[in-house]
Amino acid sequence: MGMGGSSLCPEVLAMTFGKANFHILDSTVPAQVKAVEDKLDLTTTLFIVASKSGSTLEPNCFKQYFFEKVAEAVGRENAGKQFIAITDPGSKMEQVAKDDSFRHIFYGKPQIGGRFSALSAFGMTAATAMGLDVESFLTNSKEMVDACRVEDVTANPGALLGLILGLCHKHGRDKLTIFTSPEIHDLGAWMEQLVAESTGKNGVSIIPVDREPILAAAKYGDDRIFAFLSLKGDTSFDDAYNELTSAGHPTAKIELDSINNIGQEFFRWEFATAVAGSVMQINPFNQPDVESAKIEARKITDEYEQTGSLPDEQAFFEADGVSLFTGDDYATKMAAGAGNSLQGILDSHLANVASGDYFAILGYIEMNTETEALLQTIREKVIARTGIATCLGFGPRFLHSTGQAYKGGANNGVFLQITSDDAFDLAVPGQKYAFGVVKSAQSRGDFQVLLDRGRRALRVHLGADIKSGLKMLSDLI
């Protein structure tokens, strides 16, 4: 139970090594919290609460919810035995863990940032719980650590990759397009948050593009660099790699001997990202714009606690059970010539895409196979229609990842936020608000910051029938 750097490495390990009994919760969408709960036997589950600062909203809500559930099942005096915490010394979570008699507290190192923490306690505690041979895993990883100490840059795999990323950015190639072998497909999601959150600030950014379909080389603009990560023996990317390279696109090809070497890639890309940040003349270790969305969300939850309801909001267009939201100026711009229709407004929004832009879908809905497939369909239609790079993220998890770059990076993003009504809600013990209120506050806070930063952003609010709403959106696009 964690967010961003605290949850993505464990997710990669669980998916890559096929640990079906290890579950990750990084969403405040009520349906997703319930979906995870339904997979668990509350009397025999070990709960890992991961939060560096100990004050992050989501892990605290997750802990409160499941601690009460376990207390009901096994008795409050026994509940703490099924919980461990991973947190930095002196954090709020450390005190919570002590007060509730957690089985154990594993301490992170404060000098290691969350997205650089894969090979620290935040990743390796989860790896141990899964039953992975962590000593062997770290021994393999150390080969890359040692290689990245070499002073000759041409022989240093992390420094060389970082220089390539940084120099490509200087030449306008600011979209890192990632292709991975199926066995290591989730590595791209971890790379997304590392690269975007580290480089997206001060008006510059490298935007990671993960899980896009491979197109013919001629279909791509001159704003991309391509990274191919494959397992030894996988030749499925060879044709695409050769075509892109022949067409003059910068490409990086990395081959892993086996999935056991995935830790080497954690370190290579962490090192490379730090080097790229140096070339870009930004601090890759801070995330100044993540806090802005948290502040806006906190304002909304505070108002809910005081009044018992969310602040009013006014859609600029409503039809067929769908409500549209954006800033006044952008609404006026889209309405001009769009006609009074949902189709026209969506067309107008997509017409604002320009060469060198990227398009990001931000879905504050349950993340499952079906919704992801529907959003991927929308994404592929946008690629076919506009020819620009596309991104797909689920909220609130992307707030601790690519959300930093979307707000603090270059203003070359066009955003489609998708929200929905919840079919049901789940109370957060000890709070006046429920998970659905938290999710709504986060989506609205996130959207407000995008507008405040002058981003081209449209929010589409669907009813409770999310699948039908997504299919309708896809048809319209």
Completion exercise
antiparallel share of DSSP beta bridges within the range 146-279, to nearest 5, in %, is 5 percent
Handout entry: Distance in nm between pseudo-label sites at Ala335 and Glu72 (7 Å out along the Cβ direction from Cα)
Key = 4.7 nm
Exercise for the section: Give the percent of DSSP beta bridges with both residues in the range 157-232 that are antiparallel, rounded to the nearest 5. Expected result: 10 percent
Exercise for the section: Return Met130, Met124 ranked ascending by Cβ neighbour count within 10 Å, so the fewest neighbours appear first. Expected result: Met130, Met124
Fill in the blank from the handout: One can check that the equivalent ellipsoid of the range 196-341, built from the alpha-carbon gyration tensor with semi-axes equal to the square roots of five times its eigenvalues, has lengths in Å, largest first, of 40, 25, 17
Exercise for the section: For each of Cys391, Cys168, count neighbouring Cβ atoms within 10 Å of the residue's Cβ, then give the residues from fewest to most. Expected result: Cys168, Cys391
Handout entry: Fraction of antiparallel bridges per DSSP, the range 301-406 only, in percent to nearest 5
Key = 35 percent
Fill in the blank from the handout: If the chain between Arg149 and Ala464 were fully extended at 0.36 nm per residue, the gain over the current Cα-Cα distance would be 108.1 nm
Exercise for the section: Would you please classify the overall shape of the chain from the alpha carbon gyration tensor, given that a ≥ b ≥ c denote the square roots of the eigenvalues, rounded means a/c under 1.5, and beyond that prolate means a/b larger than b/c while oblate covers the rest? Expected result: oblate
Exercise for the section: For Thr251, enumerate residues with amide H under 5 Å from its amide H, sequence gap 5+ or separate chain, H modeled in the peptide plane. Expected result: Phe226
Exercise for the section: Could you give the size of the charge dipole of the chain about its Cα centre, using +1 on the Cβ of each K and R and -1 on the Cβ of each D and E, expressed in debye and rounded to the nearest 20? Expected result: 620 debye
Exercise for the section: Would you work out the charge dipole size for the range 146-279 about its Cα centre, treating the Cβ of every Lys and Arg as +1 and the Cβ of every Asp and Glu as -1, and quote it to the nearest 20 debye? Expected result: 420 debye
Exercise for the section: Could you work out the local net charge near Ile86, counting Lys and Arg as +1, Asp and Glu as -1, over the other residues with Cβ closer than 13 Å to its Cβ? Expected result: +2
Problem - Helix-only mean residue ellipticity at 222 nm for the chain, each DSSP H run of n ≥ 4 adding -39500 (n - 2.57), per residue, nearest 500 - result: -14000 deg cm²/dmol
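Which order do peptides 359-371, 289-301 fall in by mean Cβ count within 10 Å, highest first?
Values: 359-371: 20.3, 289-301: 18.5.
Output ranking for 359-371, 289-301: 359-371, 289-301.
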Practice task
Name the long-range amide H neighbours of Phe359: under 5 Å, sequence gap of 5 or more, or other chain; modelled H, no Pro or chain starts.
Solution key: Ala389, Thr390, Cys391, Val414
Practice task
Sequence neighbours fewer than 8 away in the same chain don't count; with that in mind, list the aspartates and glutamates whose C-alpha is under 14 Å from Lys253.
Solution key: Asp234, Asp238, Asp239, Glu243, Glu265
Fill in the blank from the handout: A correct Karplus calculation of ³J(HN,Hα) over the range 327-332, with 6.51 cos²θ - 1.76 cosθ + 1.60, θ = phi - 60°, whole Hz and x for Gly and Pro, returns x, 4, 5, 6, 4, 5
Handout entry: Cut-off under 5 Å, modelled amide H: who pairs with Phe317 long-range
Key = Leu324
Fill in the blank from the handout: Pairs over 32 Å Cα to Cα, from Lys69/Lys471; Lys219/Lys467; Lys142/Lys175, come to Lys69/Lys471
Completion exercise
Of the residues Gln442, Val414, Leu473, the Cα lying farthest along the dipole of the range 378-477 towards its positive end, which is defined by charges on the beta carbon of Lys, Arg, Asp and Glu, belongs to Val414
Handout entry: Cα-centre dipole for the range 134-188 with unit charges at Cβ (Lys and Arg positive, Asp and Glu negative), debye to 20
Key = 340 debye
Handout entry: Karplus 3J(HN,Hα) series, Hz, for the range 430-436 with 6.51 cos²θ - 1.76 cosθ + 1.60 (x for Gly, Pro)
Key = x, 10, 7, 9, 10, 4, x
Exercise for the section: Assign one of three labels to the range 146-279, namely rounded, prolate or oblate, based on the Cα gyration tensor with a ≥ b ≥ c the square roots of its eigenvalues; rounded applies when a/c is under 1.5, prolate when it is not and a/b is larger than b/c, and oblate otherwise. Expected result: rounded
Problem - Overall form of the range 382-477 per C-alpha gyration tensor (a/c, 1.5; a/b vs b/c) - result: oblate
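In what order do Tyr330, Tyr107 fall by count of nearby beta-carbon atoms within 10 Å, going from fewest to most? Kindly include the intermediate steps, with their values, before the conclusion.
Numbers: Tyr330 19, Tyr107 15.
With the sparsest Cβ surroundings first, the list reads Tyr107, Tyr330.
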Fill in the blank from the handout: Expected unfolding gain across Ser236-Thr43 under the 0.36 nm per residue rule, minus the alpha-carbon gap, is 65.0 nm
Fill in the blank from the handout: Karplus-derived 3J(HN,Hα) from phi for the range 72-89 (6.51 cos²θ - 1.76 cosθ + 1.60, θ = phi - 60°), whole Hz, x at Gly and Pro, runs 5, 7, 10, x, 4, 5, 9, 4, x, 5, 9, 10, 10, 10, 10, 7, 7, x
Handout entry: Shape metrics for the range 1-81, restricted to C-alpha atoms - Rg then Dmax, Å
Key = 12.6, 36
Practice task
Starting from the Cα of Ala351, step 7 Å along the direction of its Cβ; do the same at Gln95; then give the gap between the two resulting points in nm.
Solution key: 5.6 nm
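Read-outs: derived from the displayed coordinates by stated rules, not from any lab. Computed from a prediction, not measured in an experiment: that's the story for all the values here. Don't worry about glycine lacking a Cβ; one is built from the backbone with ideal geometry, like all the others, and counts go over all protein chains shown.
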